[in-house]
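Trainee: Have a look at the structure that comes next, please.
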Amino acid sequence: MTDLGLVPRPVSIRQTDGAFTVGQATTVVVDPRPDLIALGILAADLLGRVTGRLVEVRYSDEDTEPRDVVRLRLARDDDELLPGDEAYRLDVARTRVDLLARSTAGLIHAVVTLRQLMTEAADGSWSAPCVHVDDAPRFAWRGLSVDVARHFLGLDALKVVVGLMAHYKLNVLHLHLTDDQGWRLHVPSRPHLARTSSGTAVGGGPGGHYSPSDYADLVHYAAARGIVVVPEIDVPGHVNAATHAYGELNPDGVPTPEYTGIEVGFSRLHADLPATAPFLQAVFTDVAAMTPGEYVHIGGDEVLTMAHDEYATLVGLAAGAVRAAGKKVVGWQEIATVPLEPGTVVQYWDTRADPAPFVAAARAGALLLMSPGSKAYLDMKYDEHTELGLEWAGHIDLRDAYDWEPTTLIEGVPAEAVLGVEAAVWTETIRDLDELTSMLLPRLAAVAEVAWTPPEGRDWADFRERVAAHGPFWDRVGFRWHATRQVDWPGSVRSRS
């Protein structure tokens, strides 16, 4: 194990003597192609923010620069890397740094590793120790689900979340965009959804929504940092915001009242109403058209007042609309009880459920995304003294978020059916970015390591030492975070939530 403070822990790291110091002459060098130029600018900006120095970008397809360069390069056929599209290699020498990967996503991970290695000396200079790192993620899907329906988070706040995700090599931002309390995305075919149902939030908060240009901005910003946005339109339950905007979705044709509480399971669509199928078709077609990524999430959870046959019909309509728009379907674990197309992603959250449907779905070709409420729901209280959060899945302190194995979570589901790991944070009690980061940190770092690092590379005692070095970084950035007593944090800490 190593004490260099990297989270998640890389597959292989070897330290040698010396360090690379960012100086006045340090330059980021990339090949002259648009994707690498954009990444080079991002890397130079990151190094500049860390060190307080202006770091320039230079374009060259040569590898002859002798010193003071941070060289980003895509691998050639004869380059040796670990398997996988996101694999990377980082070599830090006294005179230069070389970052190599098969994809820009891999290079982003290499840049993040370099950033985490950098420390400030007493004279104000910044350097990284000389190391050789070979690394690649265990799981392809390493996500964070953020509920913006119960309490709205603006575009700037989500960009901060994206930056935090990238720092821990997460690559999927799942946005829970709709629920009983509010509808947060304007869809052109049904404008009253945002116009009528976006101004509310839990407890009478101000609400809000994203315009198509806001959403496109977020998608682009995330993509530049190696993160894909997966939008969720939650049906056929959690739909009071929809039935408030369009009364024809109700049997009596009358819009439902606004809802600002936190109860679940009372709202629903109706398969036999003539407006329902066109509504699902239009909304999911619009959302798919706005989303460059492969996946659209259809929800499907906590539908408590509907017969199973009707539930299966409505899930089938939503999934069919997503597939017709050229996207892959994701849904919460309840969709495992209905017939699914191979490749559908089933997001597991309630560990109290009967495992049989998940085993059957996996055998039929579904993939499992692991978000167990008792481990990865980061809106759960840390302990009985935590001010924010809920407790239905118990308390989750840092070690709880770290000590679990995704492939053995559901007995009978083969390891190869597990697509990945996703933390989730629900916002019944979370109103702003400070409150959000206080619930995410430090636990998001733990879930990120579960998603990235194989079990043989994970060790709680080692992790708690490495994550301790991240507290001062969170302070410098200005994050509010929870200083759990399970870690010996260095020096003074900024806040205890």
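The values are calculated or read from the model by the stated rules, or taken from the named source; none is laboratory data. Values in this document were obtained by computation on a predicted structure and should not be read as measured data. All Cβ positions, glycine included, derive from the backbone under ideal geometry; neighbour counts span all protein chains shown. Ligands, DNA and RNA are stripped out before the accessible areas are found, and what is left, the full protein with its side chains, is counted by its heavy atoms. Shrake-Rupley method; radii C 1.70, N 1.55, O 1.52, S 1.80 Å.
Trainee: Looking at the stretch 33-191, what % of its DSSP beta bridges pair antiparallel, to the nearest 5? Don't skip to the answer; put the middle values down first.
Mentor: On the way: 13 of 24 bridges.
Rounded to the nearest five, the antiparallel share is 55 percent.
Trainee: Based on DSSP, what percent of beta bridges with both residues in the stretch 10-118 are antiparallel, to the nearest 5? Present the calculation step by step, with values, prior to reporting the outcome.
Mentor: Numbers: 5 of 18 bridges.
Of all bridge pairs located within the stretch 10-118, approximately 30 percent are antiparallel.
Trainee: Mind running the shape call on the stretch 370-497? Use the C-alpha gyration tensor, a ≥ b ≥ c as the square roots of the eigenvalues: rounded below 1.5 for a/c, prolate if a/b tops b/c, oblate otherwise.
Mentor: Details: a/c = 2.08, a/b = 1.36, b/c = 1.53.
Taking the square roots of the gyration eigenvalues as a ≥ b ≥ c, the stretch 370-497 is oblate.
Trainee: Step through the residues of the stretch 302-312 one at a time and calculate ³J(HN,Hα) from phi using the Karplus curve (6.51 cos²θ - 1.76 cosθ + 1.60, θ = phi - 60°), rounding each to whole Hz and writing x for Gly and Pro.
Mentor: 6, 8, 9, 10, 9, 5, 4, 4, 5, 4, 4
Trainee: Nearest 5 is fine: what % of DSSP beta bridges in the chain come out antiparallel, could you say?
Mentor: Numbers: 22 of 69 bridges.
In the chain, approximately 30 percent of DSSP beta bridges are antiparallel ones.
Trainee: Provide the descending list of Cα extents for the stretch 331-407 along its principal axes, expressed in whole angstroms.
Mentor: 44, 20, 18
Trainee: Suppose R0 equals 45 Å. What FRET efficiency, 1/(1 + (r/R0)^6) with r the Cβ-Cβ distance, do Arg195 and Ala121 give to the nearest 0.05?
Mentor: Values: r = 55 Å, r/R0 = 1.23.
Calculated value: 0.25.
Trainee: Now for a different question. Give me the one-decimal Kirkwood hydrodynamic radius in Å for the stretch 281-357, with the sum taken over alpha-carbon pairs.
Mentor: On the way: mean 1/r = 0.0775 Å⁻¹.
After inverting the mean inverse Cα-Cα distance, the result is 12.9 Å.
Trainee: For a quick protection proxy, order the peptides 231-242, 382-393, 327-338, 188-199 by their average other-Cβ count within 10 Å, most packed first. Walk me through the numbers on the way to the answer.
Mentor: On the way: 231-242: 26.5, 382-393: 14.8, 327-338: 23.5, 188-199: 17.3.
Going from most to least packed, we get 231-242, 327-338, 188-199, 382-393.
Trainee: Still on this model: Relative to 2.2 N^0.38 Å, what does the C-alpha radius of gyration of the stretch 193-233 come to as a ratio? Two decimals please.
Mentor: Details: Rg = 12.8 Å, N = 41, 2.2 N^0.38 = 9.0 Å.
So the Cα radius of gyration is 1.42 times the expected 2.2 N^0.38 Å.
Trainee: Using the C-alpha atoms of the stretch 191-262, what convex hull volume per residue, in cubic angstrom, is computed? Mind showing how you got there, number by number?
Mentor: On the way: hull volume 8.0 nm³, N = 72.
So the per-residue hull volume is 112 Å³.
Trainee: If packing is taken as the average number of other Cβ atoms within 10 Å across a peptide's residues, how do 282-293, 410-421 rank, most packed first? Kindly include the intermediate steps, with their values, before the conclusion.
Mentor: Values: 282-293: 19.2, 410-421: 17.4.
Descending mean neighbour count gives 282-293, 410-421.
Trainee: Additional query: From the phi angles alone, apply the Karplus equation (6.51, -1.76, 1.60; θ = phi - 60°) to the stretch 379-395 and give each ³J(HN,Hα) in whole Hz, x where the residue is Gly or Pro.
Mentor: With the stated coefficients, the stretch 379-395 comes to 8, 5, 4, 5, 7, 5, 8, 5, 6, 8, x, 10, 9, 5, 9, x, 8 Hz.
Trainee: Using the charge dipole of the stretch 403-497 (Lys, Arg: +1 at Cβ; Asp, Glu: -1 at Cβ; taken about the Cα centre), state which of Trp426, Val487, Val413 has its Cα farthest towards the positive end.
Mentor: Result: Val487.
Trainee: Quick check: the angle from helix 443-452's long axis to the longest principal axis of the chain, C-alpha only, nearest 10 degrees?
Mentor: 80
Trainee: Cα centroids of the stretch 371-439 and the stretch 122-189: how far apart, whole angstrom?
Mentor: 16
Trainee: Taking only Cα atoms of the stretch 302-430, what ratio of Rg to Rh do you get with Rh as the Kirkwood inverse-distance radius? If you can, show how the numbers build up before the last one.
Mentor: On the way: Rg = 15.8 Å, Rh = 15.8 Å.
Result: Rg/Rh = 1.00.
Trainee: Translational diffusion coefficient, Stokes-Einstein: compute it for the chain using the Kirkwood radius over C-alpha pairs as Rh, at 4 °C and 1.567 mPa s, and state it as an integer in µm² s⁻¹.
Mentor: Working: Rh = 23.6 Å.
D = 55 µm²/s.
Trainee: Still on this structure, please answer the following. Quick one: if the Förster radius is 22 Å, what FRET efficiency do Thr351 and Glu263 give, using the C-beta to C-beta distance and rounding to 0.05? Provide the component values of the computation, followed by the final result.
Mentor: On the way: r = 22 Å, r/R0 = 1.00.
FRET efficiency, Thr351 to Glu263: 0.50.
Trainee: Calculate what fraction, in whole %, of the accessible area of the stretch 106-240 sits on carbon and sulfur atoms when a 1.4 Å probe is rolled over the protein chains.
Mentor: Working: 1890 of 3440 Å².
Here it works out to 55 percent.
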